[in-house]
Structures are given as C-alpha cells and as structure tokens.
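Everything below concerns the one structure shown next.
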Amino acid sequence: MKMEELNYYYNKFKYGEDIFHKLMHWRVRDILLVSTFYDAFIFEQDGRLSEQIFGEYRQLNLSTAPRITSVPTGSEALKKIKTHSYDLVITMMRIGEIGPFELAARIKEQKPDLKVLLLLNVASDYVIWEQHAADRHFIDDVFLWNGDTKLFLAMVKSVEDSMNAEYDTTHGLVRVILLVEDSVHYYSMFLPSLYSIIMSQTQKLIDEEVSDINKHLRMRVRPKVLLAHDFDSAVELYDKYKEYILCVISDVRFKVNDALDAKAGIKLIEHILSKSPDLPIILQSSEDENEVIAKEIGVHFLNKNSKHLFKNLREYMVYSLGFGNFIFRNPDGEVIDEAANIAEFENKILKIPEESLEFHSKFNHFSNWLIVHGEIQIAKKIRPMKIEDFETRDDLRQFLYQIFRSVRVEKNKGKIINFDAVSLSELNQIIRLTEGSLGGKGRGLAFLNALLCAMDYEKKYENTSISLPSTAIIGTEEFDQFIENNSILEKIPSMSDNEIDQLFLSGNLSEMLISRLMIYLETITYPIAVRSSSLLEDSQAQPLAGVYRTFMLPNNHPDIKVRLKQLTDAIKLVFASVYLKDARNFMESLNYTAEEEKMAVIIQETVGCLNGESYYYPHISGVAQSYNFYPVSNLHQSDGIANIALGLGIHVVEGKTSLRFCPRYPQSDILSEEEQVRNSQKDFYAIDLGKTDFDLVAGETITLAKLGIKEAEKHGTLQHLASVWDYENGRLSDNLQDSGLKVLTFSRILKYNYFPLAKILEDLLEIGEIALGIPVEIEFAVNLDQQNCYTNKPTFYILQIRPLSVNTEAYRINAVTLDKNMLLMYTEHGMGNGEISGIQDLIYLDPERFDKTQTLNMQAEIEQFNSKMAAEGKYYILIGPGRWGSRDRFLGIPVRWSQINHAKVILETGLKDFMVESSQGTHFFHNLVAMNVGYFSIPYGSETDFVDFKWLKQQQETERGQYFVHLSFDHPLIVMMDGKTGLAVIYK
C-alpha cells in the first residue's frame with residue numbers, strides 16, 4: 001500500500017465529519033495541518049476540537065464546519081499554499097525533507113501574514129527548536145503535544161485571540177488576560193486549562209441569558225488570552241491593551257533583553273503595578289520562596305507544582321474576576337408519539353398504528369422531516385415510494401425500519417458517536433458514554449477502526465470478518481469530575497495502595513454515567529473487558545503500556561444491580577490505578593506528576609466463545625509488531641514479528657510461552673520442531689463464567705481461570721491450532737488423530753491458511769506504520785467458525801494499536817575494529833540505538849546463586865537495590881538470567897517495570913538448562929523500547945556473544961545481597977548500540 005492510497009481513504013473518512021466552530025470577525029476557518037495521518041486523526045476525531053469544553057461551539061447555531069486539510073510532508077504543504085487560501089498552518093517537526101523551519105520561511109515569503117505554529121511531539125525536540133535561533137522567527141509560536149487533545153483548540157484560540165484582540169477591544173470592550181510564560185511544556189499544559197475555565201464561565205453566563213441578542217453578545221465578549229514569552233513582548237502587549245486587561249498571569253524566570261533573568265516576572269509586575277495598581281495579577285512559580293515575594297508586592301501566588309493548581313486557578317478566576325421532533329399522529333391529528341432522532345424513529349416506527357403509518361406516508365411526512373434534519377440521502381430513498389408499492393402495511397413498516405437502520409449503521413460505521421442505546425451492540429463504532437478525550441488506547445483504536453471502515457477492508461477477505469468489538473468509552477471528563485467531587489487529591493497523599501482502592505470504591509460516579517451504564521447492561525449480556533486508556537498511555541513519547549489495570553467481567557449475574565456494581569467497581573479501580581505506587585513511580589521516572597495524567601475507560605466486548613460449561617475465550621490472541629528487534633535466519637527487522645497463543649491475550653502480554661512467527665513468511669519456523677515442543681504453550685487463560693460473585697480488589701485475574709491444554713482439547717478448540725509430536729519418528733504431525741503430545745503450532749492457520757491471519761497482520765502492520773509514521777504494535781484476537789460463537793464466520797478483532805519507538809538512524813558499530821579484550825559485554829542480540837554514557841554502577845545476579853524456584857525473592861531484592869539507586873539519582877546496568885519482566889516466575893525474575901526503572905541497560909543471560917528466548921509482545925518489552933533502554937541477550941553457549949563474569953567478580957563490591965551484587969566504578973561504562981544490526985557492546 002502506498003501513502004497516496006492511504007491518504008485517499010483517510011480523506012474519504014475525514015470529510016464526512018462535523019468539526020464545529022463559532023463565527024467571529026476573524027476566524028480560523030481553513031487550517032493546513034502538516035503531520036502524519038495519525039496525528040491529524042487525533043486532533044480532528046478524538047478532540048473534535050474539544051467542543052465538550054468550549055460551549056460556544058454549540059450555542060445558537062454559531063457553528064460551521066471548519067475545513068482541515070492534512071498533508072504528510074512540507075513539500076505537499078507548499079503545493080497547497082500556492083493553490084489554496086489558509087488561515088493557519090500547524091506543522092509537526094518530522095515532515096520530510098523540507099523541515100518546519102524551511103517550510104515556515106518559504107510560507108512567509110509567499111504569505112507574510114499567514115500564521116505558522118510548530119507542534120512538537122516530544123520534549124526532546126525542543127533542543128532542535130533552540131538550535132535554530134536564526135530562522136525560528138518565521139514560526140509564530142511553538143507548542144508541545146502532551147496527549148491532551150484540548151491543546152489543539154487552545155492553539156487555534158490563541159491565534160484567533162491575537163488576531164481579534166485589537167478590533168474586539170476597541171469596538172466591543174472585550175477584556176484581555178495577559179499570560180507571560182516561556183516554558184513550552186508548561187504553557188502547552190496550562191493554556192488549554194485556562195481556556196477551559198474561561199469558556200465554562202462564559203457558558204454559565206450564556207445559559208442565564210434569555211435574549212438571543214445577549215447570547216450572541218456574551219459569546220463574542222469572552223476574554224481574549226494573549227501569550228507572551230519574554231519581558232519586552234509582555235510590556236508591549238500591556239502598554240497596548242492596558243485599558244482592557246482583566247488579569248495578568250506571569251512566570252518569574254524568563255528573558256529580559258534576550259538574557260535569562262531570574263526575577264523578570266517580579267520586574268514586570270512592578271512595572272505594571274506602577275501604572276495599574278489595582279489590576280489583578282497572578283505570579284506563578286515552582287519555587288516556594290517566590291510566594292513570600294508575591295505577598296510582599298500584593299499579588300496572588302500559584303505554585304506550579306501544586307496538585308491543586310488548576311482548581312486554585314479556577315477558584316481565583318471565579319471569585320476574583322464575573323430544531324424539532326417527529327410527531328406521530330393519527331388521521332385526525334391526534335398525537336400518538338414522537339421521535340427526537342433517527343434512532344428513536346427506528347424504534348417507534350415498529351410500534352405506531354397502521355393508520356398513522358398510512359397517514360404520514362401519504363403526505364411524505366417521513367421524507368420531509370428527514371430533509372429538515374439533513375438526512376437528504378435517506379429522504380431520496382423514501383420519497384419515490386408509494387403505499388401501493390407494498391403488498392402489506394407490515395412490508396411498508398419493515399421497509400422503513402430497514403432503511404433507517406441500514407443508513408444509521410452505515411453512517412456510524414467507523415465513527416465515534418455520542419451515547420445512543422440503539423447502537424450499543426453494533427460493531428465497528430465507538431460509543432462515547434461521557435465527554436472528554438478517548439485516551440491513548442482509545443485514540444489508536446478509533447483511528448485504525450475509522451481508516452479500515454473507510455477502506456471497506458474486510459471485503460478483501462472472502463468468508464472472513466474483520467471488525468472492532470462493540471466498544472464504549474468513558475471520556476476523561478468523568479475522571480476529572482470523580483477526582484474533584486469525591487475530594488480524592490486531598491485524601492490520598494499518605495494512603496497505601498489498598499487504602500486508595502477503598503477510597504475510590506467508596507466514591508460516586510456521575511448520575512448520568514450510572515444511568516447510561518444501566519442502559520448499557522440492559523443491552524449487553526456477553527462478557528466485557530474494562531480497560532484503562534489514559535492520556536499518556538500507549539503514546540510514543542510516554543510509554544505506559546501495562547502500567548494500569550484491565551478487568552475481565554463475566555457480566556452474567558442474574559441481578560442486573562450486581563452486574564452494575566461489578567462494572568462500576570472495575571471503572572473506579574481503573575481510575576485508582578493512576579495513583580497506585582507502581583504508577584506513581586513510573587510517572588516520576590518520566591518527570592510527570594499524577595495530576596498531569598487523566599484516565600479514560602474502555603468498556604469492550606470480550607472476544608471469545610463459550611466452551612465447556614463455563615469457560616469463555618478466543619481461539620487465538622496475540623501481539624504483532626511491524627519491526628522485529630531480533631530477526632533470525634534470513635528474516636529482516638522490517639519483516640515484523642507476531643506472538644500468538646490460545647486463550648485470552650494476558651498470556652502473551654505478560655510474557656508467558658507463546659508461538660512466534662513472521663507475518664510475511666508464516667511458513668518459516670523460527671524454532672526447530674524439538675524446540676517448538678519444549679517451548680510450546682502448556683496452559684491458557686479463560687473467563688470463568690461460573691464466577692458470578694467476586695471482589696475485584698483481589699486482582700485483575702480474579703475472574704479468570706488458568707486451564708491446561710487438555711481442557712482445550714476437551715472443548716474441541718485445538719482442531720485448527722495443534723499438531724501432534726511423533727515420539728518414534730521425532731517429528732510433528734498435523735494429523736490430530738495420531739497419538740502423542742498435543743503441541744500448539746497453529747500450523748493449519750500459518751502453513752495451510754485455514755484462516756488468513758498472517759496476511760491480515762501483514763496488511764494491518766503496513767497500514768498502521770504508514771498511518772502513524774512509525775513502527776507499530778497491534779493487539780488482536782481471533783474467533784474461528786464454531787457453532788457456539790457469537791459470529792457466523794471466522795472473525796479477526798482489532799483490540800489495540802500503539803506506536804513502537806524505533807530509532808535506527810546514523811549510529812553504527814564496526815565489529816571488525818573492536819578489541820574484545822576491552823569489552824565487558826559483546827552481543828549480536830541487542831536492542832537499542834546510540835550511545836549511553838555516564839553510567840558508573842552495575843548490578844548483576846551472581847550466576848552461582850541463581851535458583852529458578854527463588855525468583856520471587858530475587859524480585860524483592862532487586863527492587864531494594866533499585867530503590868537505593870533511585871534515592872541517589874543514579875542509573876545502572878542490570879545483568880541477570882532468563883526473561884526479565886515475565887509474569888511466569890519460572891521463565892525469569894517476574895519484576896514490574898517500576899521495580900527496575902533506574903536500569904538504563906538490561907542484559908539477559910542464558911544459563912545451562914535455563915534457556916529462555918526474549919519476548920517481543922509484552923507490555924514490559926514495549927516500555928523498554930519506548931524509553932530507549934538498552935536491552936541485550938547473551939544466549940547460553942553462544943560462540944560470539946559473551947559477558948566477562950570473570951572480570952566482574954574481580955571488581956571490588958559496593959554491596960552484596962543474597963543474590964545480587966552491586967559494583968561502582970570510578971569511570972563511566974560506555975554502552976554502544978547499533979540499531980540496524982543488533983550489535984551492542986559495553987566497554988570496561
């Protein structure tokens with residue numbers, strides 16, 4: 001698939017979407033977005049321009065559809081600029097050969113007044129911004145993407161405010177808020193919240209108005225926000241708008257005359273107070289001592305590090321600053337019923353009397369109503385039809401019903417739609433239960449689903465269905481309300497994890513959500529998964545895969561109130577996971593605080609079939625990556641890799657034994673037949689439908705059953721998945737009638753193409769990588785055709801897609817010139833790219849102390865070592881046997897990432913009788929990749945790879961535990977990683 005083809009399908013999807021905006025004197029009506037397709041989708045679909053916060057986009061038809069044109073490269077952008085008129089250009093950093101700075105300069109040559117904003121993907125890109133001092137003046141401002149889709153609208157509003165301020169202040173006496181801040185990270189987080197507060201207050205005033213004229217006026221006179229980054233520009237804006245300034249919000253440290261001044265904010269405030277002594281001013285700082293100064297000069301102080309920052313800001317600003325329904329009638333005109341929308345119409349057309357049906361059909365009432373509501377295509381289908389065209393009135397009724405339903409389903413396919421009970425069980429769409437962002441998982445899922453639906457992708461495969469499970473999402477707004485309404489932040493600082501869980505369980509969700517969940521459960525009776533989807537989760541810059549909770553609910557208790565409590569408990573515990581110890585530690589290692597995180601929740605149909613009396617599971621679950629970090633034989637890294645298993649996907653993502661194959665070459669075995677037998681899956685997970693009463697605090701696996709492969713054989717689910725080991729001939733047989741050990745090889749799937757799994761994965765990985773502009777990872781499940789499945793044909797379900805950070809540019813190691821006598825470690829099985837320096841600490845597990853029955857004790861000990869290193873602000877190299885991060889304690893030490901998060905390099909060593917291959921499908925592995933941690937493997941008995949344990953044991957020990965040894969060196973250990981070849985070395 002080529003990028004041009006994908007661009008066609010994306011535009012096919014995009015131009016059907018309504019993205020609202022408010023009419024003003026100068027508005028951003030045409031935006032040119034220079035970015036990957038994935039980034040464009042996030043801004044336009046997930047955020048929907050964040051109209052859930054900005055009520056102005058809904059009032060009095062002050063909305064039109066803004067046109068956003070997306071192009072993937074700078075060269076395409078320049079072509080568009082020549083032939084089209086735009087109000088704003090937003091560009092990302094990585095846009096092809098013509099970078100953002102050259103693009104901005106060439107745009108300004110053609111159209112000097114066209115605003116250009118730079119949106120950074122990751123904080124480290126700010127260094128590139130700083131390095132372009134000579135030509136960055138062509139860019140009007142720079143922002144940092146932080147996962148919150150409200151930022152996009154804040155950027156647009158900031159441009160609009162700067163363009164409208166002069167006219168609106170002088171003609172409408174509009175007030176101005178002056179924000180002075182030079183930190184891209186901070187104002188990219190702060191500005192959306194500031195606009196949210198302003199808009200929510202404006203909305204309250206609008207709601208109080210009864211005059212249409214006043215409603216228009218209220219919306220037009222909302223305060224403008226003007227942003228300055230240094231002293232001189234702040235003074236210039238103040239002097240220009242001082243008669244209209246409502247408030248000044250200033251940082252302390254920023255530039256004065258191009259030089260950083262630690263007291264610049266104080267100087268600015270003193271300057272302003274000398275001319276406007278009564279002007280409300282807020283001083284912001286992360287340094288506590290500045291609070292004293294703020295009091296001395298009589299201004300309000302906000303601590304940037306406060307967990308209650310935005311609550312305090314809101315309080316300050318509040319207290320210190322002030323078309324119709326279809327009416328069903330009988331021939332006499334008597335009202336029988338009414339429908340507010342197509343979904344209600346669809347339901348009620350089946351119930352109205354025949355005389356009403358005839359009456360409205362005769363006078364074309366149905367088609368007239370639809371035309372008024374913008375449903376032109378449906379009206380065109382109905383209007384030519386006459387009553388006489390149908391043999392019976394019931395045929396007419398069914399015709400109308402099917403027309404309405406098919407159009408509604410097609411209209412919503414691939415879309416994110418607001419809560420609609422009629423659509424809850426439909427495939428290939430996402431229901432919003434509450435407003436707010438979809439979060440990381442939700443964004444990726446919605447994007448790929450939208451694209452595949454636009455492509456009619458499943459038509460490519462005969463007798464195979466490809467779909468998204470029925471999905472509903474609780475937006476982040478519910479999380480915000482829950483935290484505030486239940487006073488969570490005031491109570492949790494000193495609480496244990498268990499106490500935090502109990503606090504959240506005792507809290508109250510919104511009445512609207514509870515009501516919608518009850519309607520949901522009245523419709524949905526199959527098992528469901530309750531998954532986390534935080535803002536930072538599964539993103540490229542902030543890896544949080546597997547950090548938060550997922551609960552699998554049987555959803556089969558006879559009492560719906562019990563089912564509701566189980567569901568709400570799961571939601572609350574997913575919320576709580578943001579504040580648990582492991583998550584907090586993880587966030588701190590990324591230099592984030594819990595307040596910066598927001599949680600959406602995905603409620604999704606669990607893919608599976610009922611097997612036996614009470615076990616529910618899919619035939620296949622797995623994870624596939626478009627980039628293979630450890631290619632073997634003739635495979636290449638770009639060929640990709642997949643890990644699959646029988647049963648629920650927890651088996652794969654937690655690092656248990658699974659089958660690895662290359663989607664491009666599925667008939668090529670990665671392991672020999674003997675190794676396949678030895679390393680084959682021995683057990684699997686299923687939802688135990690017999691568990692109707694349970695306490696979710698006990699853990700995410702409380703509703704699951706761990707079953708042996710023989711149970712699956714009894715269920716008949718091994719028919720297309722297993723082979724038989726022929727002991728006498730030492731080979732695998734695909735005839736299940738043969739006697740012998742059943743081995744999960746999935747041969748009928750991979751080698752005989754009973755189900756086109758490999759081809760589907762190959763296509764999806766390619767589409768995903770092109771669309772996201774980076775290698776991707778996909779989680780999926782498969783139900784094969786079976787009588788007790790809910791589907792009527794084999795179905796591939798997309799569960800998740802996330803970016804996979806891969807950097808293979810520039811850094812190369814010449815193996816020929818290496819002096820191996822100088823090396824502590826040499827491996828051709830390395831993952832990572834570049835050089836890691838400055839590490840002077842190493843912790844290794846003494847091979848003589850390793851006992852695979854004691855890995856839980858080893859887990860506790862390495863956590864203690866890691867905590868000490870964290871307390872000292874140090875990072876280290878970690879060496880140990882087996883598979884790190886596996887939840888199977890017999891495959892390696894079952895650490896969680898938070899327990900070794902100060903390891904910058906992890907080296908897995910093989911031992912005799914303990915040879916475990918590295919896993920590529922786990923959440924643990926995903927976090928290593930995204931954080932660019934060096935991840936190396938030394939296979940036991942390798943003729944090339946080695947680690948010099950003899951030298952290590954000769955070094956002076958800093959500390960020795962029962963299993964681990966800590967070494968400190970007076971010089972840094974240099975780590976070099978060739979991301980292209982997988983070669984990695986550590987110098988002594």
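The values are calculated or read from the model by the stated rules, or taken from the named source; none is laboratory data. What you see is a predicted model; the values in this text were computed from it and never measured. Please note: Cβ atoms are built from the backbone with ideal geometry, for glycine as well, and neighbour counts cover all protein chains shown. Accessible surface areas use protein heavy atoms only, side chains included; no ligands, DNA or RNA. Shrake-Rupley method; radii C 1.70, N 1.55, O 1.52, S 1.80 Å.
The figures follow:
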quantity	calculated
Residue within the range 623-646 that is closer than 21 Å to Asn555 by Cβ and open to solvent by less than 30 Å² (accessible area, probe 1.4 Å) present	no
Those residues of the range 929-973 which are modelled with pLDDT under 90, of a type in the set (A, V, I, L, M) and under 17 Å from His902 (Cα atoms), in sequence order	Val929, Ala930, Met931, Val933
Unique match (being within 19 Å of Leu227 (Cα to Cα) and of a type outside the set (A, V, I, L, M, F, W, C)) among Glu287, Glu243	Glu243
Neighbours by Cβ (under 8 Å, 6+ apart or cross-chain): first from the range 666-682, within 18 Å of Gly655 (Cβ to Cβ); second modelled with pLDDT of 85 or more and in a helix (DSSP H, G or I)	Gln681/His651; Gln681/Ile709; Lys682/Ile709
Test: residue in the range 410-428 that is of a type in the set (Ser, Thr, Tyr), modelled with pLDDT of 85 or more and touching a helix residue (DSSP H, G or I) at 6+ places or on another chain (Cβ under 8 Å)	no
Tabulated pairs, the range 580-603, first modelled with pLDDT under 70, second open to solvent by less than 40 Å² (accessible area, probe 1.4 Å) and among the hydroxyl-bearing types (Ser, Thr, Tyr), C-beta under 8 angstrom, 6+ apart or interchain	Ser589/Ser898; Ala594/Tyr579
Residues of the range 958-988 satisfying the condition of being open to solvent by 50 Å² or more (accessible area, probe 1.4 Å) and under 12 Å from Met831 (Cβ atoms)	Lys980, Thr981
Index of the failed condition, Met317 passing every other in (1) open to solvent by 60 Å² or more (accessible area, probe 1.4 Å); (2) at pLDDT below 80; (3) within 30 Å of Leu191 (Cα to Cα)	(1)
Extreme residue, modelled with the lowest pLDDT, among residues of the range 604-642 that are more than 30 Å from Thr568 (Cβ to Cβ) and of a type in the set (Gly, Ala, Ser)	Ser633
Lone unmet requirement of (1) closer than 21 Å to Leu761 by Cβ; (2) out of contact with any strand residue (DSSP E or B) (no Cβ under 9 Å at 6 or more places or on another chain) for Thr692	(1)
Members of the range 647-669 that are crowded, with 20+ Cβ neighbours inside 10 Å and among the hydroxyl-bearing types (Ser, Thr, Tyr)	Thr657, Ser658
Considering residues of the range 162-171 that are surrounded by fewer than 21 Cβ atoms within 10 Å (Cβ to Cβ) and more than 11 Å from Arg27 (Cβ to Cβ) only, the residue modelled with the highest pLDDT	Ser162
Meets criteria (β-branched (Val, Ile, Thr), open to solvent by 50 Å² or more (accessible area, probe 1.4 Å) and within 24 Å of Asn556 (Cβ to Cβ)) for Thr523	yes
Breaking point among (1) open to solvent by less than 30 Å² (accessible area, probe 1.4 Å); (2) touching a strand residue (DSSP E or B) at 6+ places or on another chain (Cβ under 7 Å); (3) over 30 Å from Gly832 (Cβ atoms), for Lys598	(1)
Among (1) assigned to a helix (DSSP H, G or I); (2) out of contact with any strand residue (DSSP E or B) (no Cβ under 7 Å at 6 or more places or on another chain) - the single one Ile269 does not satisfy	(2)
Enumeration of residues in the range 551-565 that are part of a helix (DSSP H, G or I) and touching a strand residue (DSSP E or B) at 6+ places or on another chain (Cβ under 9 Å)	Arg563
Set Glu537, Glu490: member being assigned to a loop (DSSP other than H, G, I, E, B) and either surrounded by fewer than 19 Cβ atoms within 10 Å (Cβ to Cβ) or out of contact with any His (no Cβ under 8 Å at 6 or more places or on another chain) (or both)	Glu537
Test set (1) at pLDDT 80 or above; (2) open to solvent by less than 60 Å² (accessible area, probe 1.4 Å); (3) touching a helix residue (DSSP H, G or I) at 6+ places or on another chain (Cβ under 7 Å); (4) not small (Gly, Ala, Ser) - Ile403 fails condition number	(1)
Selected residue (only one of Gln840, Gln864 is under 22 Å from Gln956 (Cβ atoms), polar (S, T, N, Q) and surrounded by 15 or more Cβ atoms within 10 Å (Cβ to Cβ))	Gln840
Which listed residue is at pLDDT 90 or above, in contact with a His (Cβ under 7 Å, 6 or more places away or on another chain) and crowded, with 22+ Cβ neighbours inside 10 Å, from Leu118, Leu144	Leu144
Matching entry among Glu291, Glu346 (being on the phi < 0 side of the Ramachandran plot, open to solvent by 50 Å² or more (accessible area, probe 1.4 Å), outside any loop (DSSP other than H, G, I, E, B) and among the acidic types (Asp, Glu))	Glu291
Among (1) part of a loop (DSSP other than H, G, I, E, B); (2) polar (S, T, N, Q); (3) open to solvent by less than 40 Å² (accessible area, probe 1.4 Å) - the single one Thr91 does not satisfy	(1)
Residue tally, condition aliphatic (A, V, I, L, M) and closer than 15 Å to Ser467 by Cα, over the range 607-619	1
Odd one out for Lys459 among (1) within 15 Å of Ala576 (Cα to Cα); (2) surrounded by fewer than 16 Cβ atoms within 10 Å (Cβ to Cβ); (3) over 24 Å from the mean Cα position of the chain (by Cα)	(1)
In the range 751-789, residue surrounded by the most Cβ atoms within 10 Å (Cβ to Cβ) [restricted to those that are assigned to a strand (DSSP E or B), modelled with pLDDT of 85 or more and not acidic (Asp, Glu)]	Val776
In the range 672-700, the residues that are among the polar types (S, T, N, Q) and either in contact with a helix residue (DSSP H, G or I) (Cβ under 7 Å, 6 or more places away or on another chain) or farther than 14 Å from Gln566 by Cα (or both)	Ser672, Gln676, Asn679, Ser680, Gln681
